[in-house]
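Down below is the structure, laid out as structure tokens.
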Amino acid sequence: METTAKRKFNVREIREDFPALRQLIYGKSLIYFDNGATSQKPQFVLDAINKYYSKDNANIHRGVHLLSQRATTEYEDARKTIAQYINAKTSDEVIFTKGTTDAINLVAFSFGELLTAGDEIVISAMEHHSNIVPWQMLCERKGLTLRVIPINKHGEIIQEEYEKILSKKTKLVAITQISNTLGTINPVKEMIAKAHAVGAKFLVDGAQSIQHMQIDVRDLDCDFFVFSGHKVFGPTGIGVLYGKEALLDKMPPYQGGGDMIQKVTFDRTTYNELPYKFEAGTPHIAGAICLGKAFEYLNQFDLEAIKAYENELLDYAQDLLLTFEDMILVGDSKKKTSVVSFNVEGVHPFDMGTLLDKQGIAVRTGHHCTQPLMDFFKIPGTVRASFAFYNTKEEIDVFIAAVERSINMLK
Amino acid sequence: MTLDERQKEIIDDFAIYDDWMDKYEYIIELGKDLPQIAADKKTNDRLIEGCQSKVWLDFAYEDGKMKYSADSDAIITKGIIGLLIRVLNDASPEEIVKSEMYFIDEIGLREHLSPTRSNGLLSMVKRMKMTALQALSKA
Ligand SMILES: Cc1ncc(COP(=O)(O)O)c(C=O)c1O
């Protein structure tokens, strides 16, 4: 796909790229507002999946035959595309994983092997369970301490508290760049500098941010950056761990011991150990290639234009929601992406979600895998609408009418 | 009325509506009429697992019949347990243990519930049968 001249942002045309959006749900046009959970896939990516399995399917890095070479080239090209997209120094710093969760577990295990009892890991109160539980398991395994930075009522990390928690004992800070539940954009760049000042490494959970903003891992100066392909218009089952080369080199492998390590030992220089050291077994070849295609797809657009449009959707939706009596927006930071989490007093989020579904609108309800965050706000959950660049104000109008109808039925 | 007759009645009620929003309206109204469990009985041992919302179920066994009361923090869930209670209230434990809640499928409710809610529904049916067994073993 040509990437030099950027494609003009036109939401009607963009919608045409996403076949899943063209369907009826209970006889009504689907309105897909669950992009925080996963994004729909453009035809460009779907075609690539089809092409891979119909033409190029072979195992990689192992065959002398043409198909295997073709698959290997495409797999490695995808790695390059992604490395460029996030501005990694080399593509060896891009490791394919199953997703965000898998990447965090990899770091928790392998980086965790370098830590000793008494060391501290720091997270925040708004983390997704997958950026909590792996650290709890690591702490248990190694006798480390997990420290949690509190948040304020707007759903923002309290920076003064963060500074207080940081110490020489801090070895790793793991923070989400964007809260999946609240949409808050955390100032990770500043937080990274503070962590480095005490000698700690920093992992950015980019599961949400990868879809919404330009990521430059070198500008951020993060030590690790992790994300899932399915949230950025790519397939499920594939994701990325970016890590600084020198750091990844120091870390022991995570899985599979056998194959890859032997091969590495016999055939490769130390430099060549990466990224294969962390990719034991046959990887998700089709997934990786098609994730590369998802980034090629995104590359046609000016991300700033997308961001501006998504912010417009957010403001539009929030303003309309706030016209309802007893509407509570959960998380009202000034710096947010297009996620709106809300509750209506006296209405259970589960009921609201059920009635919205019956009206053709897909939102998410519940704790969004952030139970500690729900405990902080003392609520059982929220209704969350999360918009992508293929959503429209007309859809928001339908959504608002559906919310109104639901409130009238439920109260 | 036999349990079959009660289920038939619900199936007939639902047949009137074509639109699922109307069916939900009906379920919600039912939720509002549910025999309320006493506040001090909303304890963890009466809480049913498997729901995104909380459900408490209490029962009494009187004159050979089961008497249910329940509550939930979600009104649709309340309506759904209200449907179950409408079928099983005042039935004998034996009848309840033997019963098949086929009306759920007949009215198409199961396929219209999210998997979480559907699991919750199954947990409610199971719990009601367990209470019937409990009553029998004490009798
Ligand atoms: C902030 C955040 N972190 C981690 C994850 C986990 O991603 P996955 O389930 O794709 O591994 C998610 C997904 O919901 C997320 O939103």
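The values are calculated or read from the model by the stated rules, or taken from the named source; none is laboratory data. Treat the numbers as computed from the prediction; the structure is a model and nothing was measured. Note that we place each Cβ from the backbone using ideal geometry, even for glycine, and neighbour counts take in every protein chain shown. Accessible surface is based on the protein model in full, side chains and every heavy atom, while ligands, DNA and RNA are left aside. Shrake-Rupley method; radii C 1.70, N 1.55, O 1.52, S 1.80 Å.
Summary of values
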item: Condition met for A:ILE407 (of a type outside the set (Gly, Ala, Ser), within 14 Å of another protein chain (Cβ to nearest Cβ) and farther than 24 Å from A:VAL11 by Cβ); result: yes
item: Verdict on A:GLU395 being under 27 Å from the mean Cα position of the chain (by Cα), in a helix (DSSP H, G or I) and assigned by TED's automatic domain parsing to the domain that holds A:LEU314; result: yes
item: Residues (within 24 Å of B:ARG110 (Cα to Cα) and charged (D, E, K, R)) located in the range B:18-68; result: B:ASP18, B:ASP19, B:ASP22, B:LYS23, B:GLU25, B:GLU29, B:LYS32, B:ASP33, B:ARG46, B:GLU49, B:LYS54, B:ASP58
item: All helices (runs of 4 or more DSSP H) inside the range A:158-227 with 3 or more residues being within 12 Å of the ligand (Cβ to nearest atom); result: A:209-212
item: Conditions (1) farther than 17 Å from B:MET128 by Cβ; (2) away from every other protein chain (no Cβ under 14 Å): number failed by B:ILE27; result: (2)
item: In the range A:228-253, the residues that are assigned to a helix (DSSP H, G or I), more than 10 Å from A:GLY99 (Cβ to Cβ) and open to solvent by less than 10 Å² (accessible area, probe 1.4 Å); result: A:VAL232, A:LEU248
item: Exclusive hit being among the aliphatic types (A, V, I, L, M), touching a residue at least 40 places away in the same chain (Cβ under 8 Å) and in contact with a helix residue (DSSP H, G or I) (Cβ under 9 Å, 6 or more places away or on another chain), set A:ILE175, A:ILE165; result: A:ILE175
item: Search result, residues across the range A:368-384 that are within 9 Å of chain B (Cβ to nearest Cβ) and open to solvent by 30 Å² or more (accessible area, probe 1.4 Å); result: A:PRO380
item: Selected residue (criterion: nearest to the chain's Cα centre (by Cα)) from residues of the range A:116-134 that are open to solvent by 10 Å² or more (accessible area, probe 1.4 Å) and more than 19 Å from A:HIS368 (Cα to Cα); result: A:GLU120
item: Close pairs (9 angstrom Cβ cut-off, 6 or more residues apart or separate chains): in contact (Cβ under 8 Å) with a residue 40 or more places away in the chain and farther than 16 Å from A:MET409 by Cα in the range B:7-35, aromatic (Phe, Trp, Tyr) and outside any helix (DSSP H, G or I) anywhere; result: B:GLN7/B:TYR102; B:ILE11/B:TYR102; B:PRO35/B:TYR68
item: Residue tally, condition of a type outside the set (A, V, I, L, M) and either surrounded by fewer than 22 Cβ atoms within 10 Å (Cβ to Cβ) or within 10 Å of the chain's Cα centre (by Cα) (or both), over the range A:180-200; result: 7
item: Hits in the range A:334-361 - residues which are assigned to a strand (DSSP E or B) and under 19 Å from A:GLY27 (Cβ atoms); result: A:ILE361
item: Those helices (runs of 4 or more DSSP H) lying entirely in the range B:10-126 with at least 1 residues small (Gly, Ala, Ser); result: B:20-32, B:75-88
item: Single unsatisfied condition, A:GLU127 versus (1) within 16 Å of the ligand (Cβ to nearest atom); (2) in contact (Cβ under 8 Å) with a residue 12 or more places away in the chain; (3) under 30 Å from A:ASP332 (Cβ atoms); (4) assigned to a helix (DSSP H, G or I); result: (4)
item: Positions within the range A:27-57 being within 14 Å of another protein chain (Cβ to nearest Cβ), closer than 28 Å to A:GLY183 by Cβ and away from the ligand (no atom under 16 Å from the Cβ), in sequence order; result: A:LYS28
item: Contacts under 7 angstrom Cβ, first residue in the range A:344-359 being facing chain B (nearest Cβ under 7 Å), partner open to solvent by less than 10 Å² (accessible area, probe 1.4 Å) and hydroxyl-bearing (Ser, Thr, Tyr), 6 or more apart; result: A:HIS348/B:SER53; A:PHE350/B:SER53; A:LEU355/A:SER406; A:LEU355/B:TYR24; A:LYS358/B:TYR24
item: Set A:SER333, A:SER341: member being open to solvent by less than 60 Å² (accessible area, probe 1.4 Å), within 16 Å of the ligand (Cβ to nearest atom) and under 24 Å from B:THR77 (Cα atoms); result: A:SER341
item: Hey, A:ALA117 touching a helix residue (DSSP H, G or I) at 6+ places or on another chain (Cβ under 7 Å) and not in a helix (DSSP H, G or I) or not; result: yes
item: Pairs with Cβ under 7 Å, 6+ apart, first in the range B:112-139 and over 27 Å from A:GLY366 (Cβ atoms) and surrounded by fewer than 21 Cβ atoms within 10 Å (Cβ to Cβ), second of a type in the set (Val, Ile, Thr) and modelled with pLDDT of 85 or more; result: B:LYS129/B:ILE96; B:LYS129/B:VAL97; B:LEU133/B:VAL97
item: Failed condition for A:ARG364, given (1) within 14 Å of chain B (Cβ to nearest Cβ); (2) free of Cβ contacts under 8 Å to residues at least 40 places away in the same chain; result: (2)
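Rundown of residues vs (1) assigned to a helix (DSSP H, G or I); (2) in the same structural domain as A:ALA362 (by TED's automatic domain parsing); (3) modelled with pLDDT of 95 or more; (4) aliphatic (A, V, I, L, M), yes/no style:
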residue	(1), (2), (3), (4)
A:ALA37	no, yes, yes, yes
A:ILE60	no, no, no, yes
A:VAL64	no, no, no, yes
A:LEU67	yes, no, no, yes
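Results for (1) away from the ligand (no atom under 16 Å from the Cβ); (2) over 21 Å from A:MET191 (Cα atoms); (3) of a type outside the set (D, E, K, R), shown as yes or no for each residue.
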site: A:GLU93; (1), (2), (3): yes, yes, no
site: A:GLY99; (1), (2), (3): no, yes, yes
site: A:ASP119; (1), (2), (3): yes, no, no
site: A:TRP135; (1), (2), (3): no, no, yes
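Let's see how each residue does on (1) in the same structural domain as A:ALA401 (by TED's automatic domain parsing); (2) of a type in the set (A, V, I, L, M, F, W, C); (3) in contact with a helix residue (DSSP H, G or I) (Cβ under 8 Å, 6 or more places away or on another chain):
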| site | (1), (2), (3) |
| --- | --- |
| A:LEU313 | yes, yes, yes |
| A:ASP319 | yes, no, no |
| A:MET327 | yes, yes, yes |
| A:VAL347 | yes, yes, yes |
| A:LEU356 | yes, yes, yes |
| A:GLN359 | yes, no, yes |
